[in-house]
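Single-structure report; data block below.
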Amino acid sequence: MKHLLIILCSLLLGSTFSFAQIQMPTNTNSSGSLLQQIQDEDISYLRPKEYTIGGVKVTGTEYLENDILITISRLNVGNRIEVPGEAITSAIRNLWLQGLFDDVAINVDRIEGNQIFLEIAVVERPRLTRIDINGLSKTQTEDIKERVDGSANKIINENLLTTTEGTIKRYLAEKGYLYPTIEMTQVKDSTEANNQILVVDVDRNKKVKVNQINFEGNEVFSDQKLRKFMKKVKQRTWWRFWGPGKFTYEKYDEAKESLISKIHAEGYRDANIISDTVRKVSDKHIELDLEIYEGKQYYFGNINWSGNAKYSDTVLNQILGIRKGDIFSEEKLMLKLYGPSRSEADVSTLYMNDGYLTFNVDPVQTKVYGDTIDLELRMYEGPQYTVSKVTVKGNDVTNDRVILREIANKPGQKFSKDLVMRTVQEIAQLGNFDETKTNPVPIPNPLEGTVDMEYHVVEKPSDQIELSGGFGGNRIIGTLGLTFNNFSTRKLFDKDAWKPLPRGDGQKLSLRGQTNGKQYQSYSFSFSEPWLGGKKPIYFGLSAFTSSSSYGYNPWTGRQTVPDEDMQRIQMDGVSVSLGKRLKWPDNFFRINYALNFQRYKLQNWRNYLFETGTSYNVNLTQEISRNSLDALIYPTSGTNLRFSVQVTPPYSLFNKTNYATAPDSERYRWTEYHKWKFDSQWFQRISGKLVLKAQAQFGFLGTYSSVTGQPAFERFKLGGDGMQGFDFIQGSEIIAMRGYANGYVIPEGVDVNTAINSGSPIYAKYQLELRHPIMLNDQATVFGLVFAEAGNTWNNFKDFNPFNVRRTIGVGARVYLPIFGMLGIDYGHAFDPVPLPASIRDNWRQTFTFSIQQNIGGF
């Protein structure tokens, strides 16, 4: 019976591990008596014999340690074993399990008396030289190789092959390729005897999209409603022209969480997904099958407060806004208790704005009966905290004082959540830090009732360069602009601070030049200090510019072709000084600014203008009131940006005794007089997720003190185009963008076309709606797409003004913000309402594509 069991075990192991060989040597250099002795030993599976292991050797190894293999086999010298027997079988099993060999055999080397000498003969599996992946992009290949352990001399076994294939499939599944074809081939490495190259050929096939989402078990919620609840996973529909998007398991997991969360928010707190299946219907489409358990709907019962001493139950219930009988929703409850970051309509903000930094409330379900849930809201108010110290970390370039002066919650004041968030907003408005990474960290000291505030910031490149070329006046126009947004005049004489310019004090210095040679030149300079003297929040600005344009040169050679007296020339020079401060009323989002401006316009033979030859001066004072509560500088999602300004000149006509009816142009337009009113408003609102609606309304009016002077020649409005100051627009007009129409071509009806296009109009109105969605939001670049609808018009006098008589346009566009270049834009607009133009230029009123470069990316 024993012999029969040994035979059966040996046969079973032989089928699993190839075959456990125990072989007698066929030749030997020993004496014939030894050979006879071995042959006389009748080794048989039916009659095993017991031997003492006299020695063990290993053959066939190249990379592995023989002693380690002997240890693994457990065939130790001196052990007594039966041959054939379990010890030999176990040794082969142990060696096979290492996954290192293509063949394992144990041979009898010789037998001397009751001692047996064994030979472990192995064939090592090949080693890996490298893994070559074909069929993927360079980036995808590098990403996969970072995940795959492709170490040189690693054993090529089933585990390596399975792991490599699984890693590639998981990576491609993250990118939307659920069903790739992967073939792996082992190619012998000619440079290494036992090495092979693993060649992996990958065909990603198509990205997979969801064809249909099917639900089972839902009675209260329709399939359509449930599909809306599944965030980021959408099925194909005929009206969704941009497609449902690629399917990934990560998105699917988020969608299932969103689905259950939305159902819970409707009061069905027991709802759950019983099962779900991802079913392949083609190489590029799948269907999702989900079985839903809805359960019953629950309602709020009695709500009781405990632990509240600062505020009464009545006050807290009013802020909570939940009544007995309302549909039960944990999401709504937590929103009313802890709320969004800047809401005042939640209990947490009420307490934290009053210094209760460690405030906490724990909602406990005290009773569930039928479909009703009673709650007890257990409060921990804690002590009121006072801000003790404020520090900044992470500002490697910007001086501490530049950030600390923007702190709204100052030392000595009670801690306030709203003021902390306001500080984060003010730091973002500086433009020198990544607004997504500004992190306020409160460090409370409960024993003293104080809190230290640490603001962690991350510097980002804020300096900008504008380097561009365009075509105008039959010549190439070159532009070079430099903007340094974190300049420091205090370090001008510190040679160690020039890296390449002194930085860190939050000042702004801009230099810009544009020219195509002698025909057109424009240069400007501006400097601003947000804190005059570095101690008071008084804004100081200084700017100057000069622009000139001349006709009478050969556009290709640059040589003058007409005498000086016949040249057409216009030159404009100007300087401006401004002061401003932040107001405390109506709130501290308001600012007031004053600017004193001086411009000189010098014209010679400038045709199609209000006057052709002469010099005009413009001295004006501007007062501007603005309010900016935007939550971000580059991609705002909430808040408003309002600006109202009045610009006035002295009423020269009241005291200069000039007869404007008979005076020549050189006298009539010598001193420009007017009053100019402008209003600009922007409103941002998050619609859903990261989708943001921007609404904007603009209005401008240029008026006169007396009818005898007529409309001023300068300071008018030109509507249409990209809004950029270009080659044709140096006549002191204000350029207002309106996509879909050519630059300055939105002109009043019944006017001289050439004069209107060249000079502009005294009244304009413009309205805009824009839907924005981000594509990329980080410190390296901000990219978002948009769709827009705009309407606007211009008028020559107030009696013709009609804010509803407008020209309309719709379109799509994209914006790319790069710290070094500013905001770059491209738009495609379709204009609906033609402009009354002569036949010679009638085809020019549209401008479908519009490009823009905006270095000043503030609210306006």
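Screening THR191 on (1) part of a helix (DSSP H, G or I); (2) surrounded by fewer than 17 Cβ atoms within 10 Å (Cβ to Cβ) shows it passes everything except condition (1). Do we find that THR672 is loosely packed, with under 14 Cβ neighbours inside 10 Å and in the same structural domain as GLN571 (by TED's automatic domain parsing) in this structure? Considered against the rule, which asks whether it is loosely packed, with under 14 Cβ neighbours inside 10 Å and in the same structural domain as GLN571 (by TED's automatic domain parsing), THR672 comes out as no.
Could you go through the range 629-637 and let me know if any residue there is surrounded by fewer than 17 Cβ atoms within 10 Å (Cβ to Cβ), acidic (Asp, Glu) and modelled with pLDDT under 95. The answer is no; no qualifying residue exists. Here is the figure for the range 799-819: residues that are under 17 Å from the mean Cα position of the chain (by Cα) and either crowded, with 18+ Cβ neighbours inside 10 Å or under 18 Å from GLN464 (Cβ atoms) (or both) total 5. Residues that are outside any strand (DSSP E or B) and either under 22 Å from ASP463 (Cβ atoms) or β-branched (Val, Ile, Thr) (or both) within the range 770-803 comprise ASN778, ASP779, GLN780, ALA781, listed in sequence order. Looking at the range 263-274, is at least one residue closer than 22 Å to GLU331 by Cβ, within 30 Å of the chain's Cα centre (by Cα) and small (Gly, Ala, Ser)? Yes; the residues of the range 263-274 include at least one that is closer than 22 Å to GLU331 by Cβ, within 30 Å of the chain's Cα centre (by Cα) and small (Gly, Ala, Ser). Taken over the range 647-669, the criterion of being surrounded by 10 or more Cβ atoms within 10 Å (Cβ to Cβ), among the hydrophobic types (A, V, I, L, M, F, W, C) and in contact (Cβ under 8 Å) with a residue 12 or more places away in the chain is satisfied by VAL648, LEU654. With the requirement that a residue be buried (at least 17 other Cβ atoms within 10 Å of the Cβ), in contact with a Pro (Cβ under 9 Å, 6 or more places away or on another chain) and touching a residue at least 60 places away in the same chain (Cβ under 8 Å), what does the range 675-693 give you? Within the range 675-693, GLN682, VAL692 meet the criteria. Considered as a group, the residues in the range 75-99 that are of a type in the set (Val, Ile, Thr) and not in a helix (DSSP H, G or I) include one that is nearest to LYS57 (Cα to Cα), and that residue is VAL77. Return a yes/no flag: does the range 393-401 have any residue that is within 30 Å of GLY506 (Cβ to Cβ), of a type in the set (Ser, Thr, Tyr), touching a Phe, Trp or Tyr at 6+ places or on another chain (Cβ under 9 Å) and in contact (Cβ under 8 Å) with a residue 40 or more places away in the chain. Among the residues of the range 393-401, at least one is within 30 Å of GLY506 (Cβ to Cβ), of a type in the set (Ser, Thr, Tyr), touching a Phe, Trp or Tyr at 6+ places or on another chain (Cβ under 9 Å) and in contact (Cβ under 8 Å) with a residue 40 or more places away in the chain, which makes the answer yes. Here ALA632, ALA595 are screened, and the one residue that is more than 30 Å from GLY552 (Cβ to Cβ) and in contact with a helix residue (DSSP H, G or I) (Cβ under 7 Å, 6 or more places away or on another chain) is ALA632. Listed conditions (1) assigned to a strand (DSSP E or B); (2) touching a residue at least 60 places away in the same chain (Cβ under 8 Å) are all met by LEU136, apart from (1).
Consider LYS324 carefully, then state whether it is within 27 Å of THR358 (Cβ to Cβ) and basic (Lys, Arg). So LYS324 fails the test. Taking the range 362-397 as the search range and keeping residues that are under 22 Å from PRO442 (Cα atoms) and of a type in the set (Val, Ile, Thr), which one is surrounded by the fewest Cβ atoms within 10 Å (Cβ to Cβ)? By that ranking, first place goes to THR391. Within the range 82-101, residues that are free of Cβ contacts under 8 Å to residues at least 24 places away in the same chain reach partners that are assigned to a helix (DSSP H, G or I) with beta carbons closer than 7 Å, at six or more positions or on different chains, in the pairs ASN94/ILE72; ASN94/SER73. Number of residues in the range 820-836 that are more than 23 Å from the chain's Cα centre (by Cα), surrounded by 16 or more Cβ atoms within 10 Å (Cβ to Cβ) and not in a strand (DSSP E or B): the value is 1.
The values are calculated or read from the model by the stated rules, or taken from the named source; none is laboratory data. Bear in mind that the values here come from a model prediction, so they are computed numbers and not experimental data. Glycine gets a Cβ as well: all are built from the backbone with ideal geometry, and neighbour counts include every protein chain shown.
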